[in-house]
Each structure stands twice: as C-alpha cells, then as structure tokens.
C-alpha cells in the first residue's frame, strides 16, 4: 500500500482543530461542558448554513460519545441499553454554546475546490472533551479515564488517585517512624507511641491495605 502524499489520486483531506473547556465536580464526578471551539477546513464553502449545521451536529454527537453514550450489558450478555429510553443521549441543555469557524483550503482535485464536511466535528470533539476532563483532574494524579467519562467513571478515577496518594503518604510516614525507632535504639518511647497513634489514626484504612 502506498500513501498518496501528493493527493494525485484525487483524494481530499479535510482537517480541523478543537478545544474544549469543561468543569469537573470531583465530589460527584459530574462533568459540565462550558465552551467548545472548533475550526474545520472543508475546502471552498458553497453553503455556509449547511456547513455550520454539520459542525454543530457533529459536535453534539462527538461530545455525547465522550460523556454519555455507552452500551451496557448484564452478566448474561443481554443489552441493557437497547432503546433510547435506556441509552443516554444529550439534550440541548446538556451542551454548551458552540463557537465554530472555518478556514478554506480549496482542493485542486475537483472544479469546486470542495472537500468533505459531513459531521466532521465528530472527529475532533470527542478527544478534545476527553483530554479536557483528564486535564481538569490531572493535578490529583489522574492520568487516564476510559470513555465515556460518566460521573461514576470520573469519580472512580479521582478516588483511585486519592487512595494512591494516601498510600504513598502512609508508607512515607511509616518509614520515618521506622527511622526514629532505630535511632532510639529500638525503644518505643512515649513520643514515638504518640506519633504512631497519630499515623495509624490518619492512615488506618491505607495501612490495613498495605500491611494487612
């Protein structure tokens, strides 16, 4: 297979860029889209209204994939989201105002200079929203969240990150205790007893998980 870098075979290549702004409630995991910016290039535009409609529809579809849409099955493999009463899709109230724009780079491979625009925003919007969500909770130690980023998925990712940080802090505190214990000649002094009590109280669940 050879790639047509020069587009000599008549293929056209639309392209674009998307930036999403979201707000994440770390207590509930709920994500609220605030803004979405999209720039798409479909070559020469003949009907701006149709192009904008394809962008808006594609944005809604792509953001829905990132936030809501998910096939769910029970333990026997039966679909639980077989109808639109069970399958989560967004309404206009769930989506932000879209700020869309266009650049025009005509293709030389047809007389109109036009390229594809059919729901082109579905390509850029899903990863833009996904990246925005992960970036919003990255400071907590979250590095990835499987799609869709439902409140449960986001909350679990944040909770797992918090547990990892707490365990790391517990291990650090116990290492300090071990050092102090060694420096005291293996004697559990009153100050060490108090420090051990504080550490055990603060990290009781994590200590149980680490040491059993």
Pick from segment 108-120 the residues that are surrounded by fewer than 23 Cβ atoms within 10 Å (Cβ to Cβ) and touching a helix residue (DSSP H, G or I) at 6+ places or on another chain (Cβ under 7 Å): which of them is nearest to residue 19 (Cα to Cα)?
119
Top-ranked residue of segment 53-71 - restricted to ones that are in contact (Cβ under 8 Å) with a residue 12 or more places away in the chain, surrounded by fewer than 17 Cβ atoms within 10 Å (Cβ to Cβ) and more than 19 Å from the chain's Cα centre (by Cα), ranked as farthest from residue 99 (Cα to Cα):
57
Tally up the residues in segment 12-43 that are over 24 Å from the mean Cα position of the chain (by Cα), surrounded by 14 or more Cβ atoms within 10 Å (Cβ to Cβ) and in a loop (DSSP other than H, G, I, E, B), please.
3
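Given the options 110, 131, 102, name the one that is part of a loop (DSSP other than H, G, I, E, B) and on the phi < 0 side of the Ramachandran plot. Walk me through it before giving the result.
Values: 131 fails: part of a loop (DSSP other than H, G, I, E, B); 102 fails: part of a loop (DSSP other than H, G, I, E, B).
Every option except 110 fails the conditions.
More than 30 Å from residue 27 (Cα to Cα) and at pLDDT 85 or above - does that describe any residue in segment 129-142? Outline the logic, then answer.
Taking segment 129-142 first, the residues more than 30 Å from residue 27 (Cα to Cα) are none.
The answer is no, given that none of the residues of segment 129-142 is more than 30 Å from residue 27 (Cα to Cα) and at pLDDT 85 or above.
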Among the residues of segment 95-120, which ones are under 20 Å from residue 149 (Cβ atoms) and either more than 17 Å from the chain's Cα centre (by Cα) or without any contact (Cβ under 8 Å) to a residue 24 or more places away in the chain (or both)?
98
Selection status of residue 123, free of Cβ contacts under 8 Å to residues at least 24 places away in the same chain and either assigned to a helix (DSSP H, G or I) or surrounded by 18 or more Cβ atoms within 10 Å (Cβ to Cβ) (or both)
no
Checking the conditions here, which among 30, 44 is in the same structural domain as residue 135 (by TED's automatic domain parsing), closer than 30 Å to residue 108 by Cα and modelled with pLDDT of 90 or more?
44
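Hey, does segment 80-88 have a residue that's touching a strand residue (DSSP E or B) at 6+ places or on another chain (Cβ under 7 Å) and in contact (Cβ under 8 Å) with a residue 40 or more places away in the chain? Before the answer, list the steps.
Here is the first cut: in segment 80-88, the ones touching a strand residue (DSSP E or B) at 6+ places or on another chain (Cβ under 7 Å) are 80.
If we keep only those that are in contact (Cβ under 8 Å) with a residue 40 or more places away in the chain too, we end up with none.
Checked segment 80-88: no residue is touching a strand residue (DSSP E or B) at 6+ places or on another chain (Cβ under 7 Å) and in contact (Cβ under 8 Å) with a residue 40 or more places away in the chain.
The values are calculated or read from the model by the stated rules, or taken from the named source; none is laboratory data. This is a predicted model, so every value here is computed, not measured. Note that each Cβ is placed from the backbone with ideal geometry, even for glycine, and that neighbours are counted across all protein chains shown.
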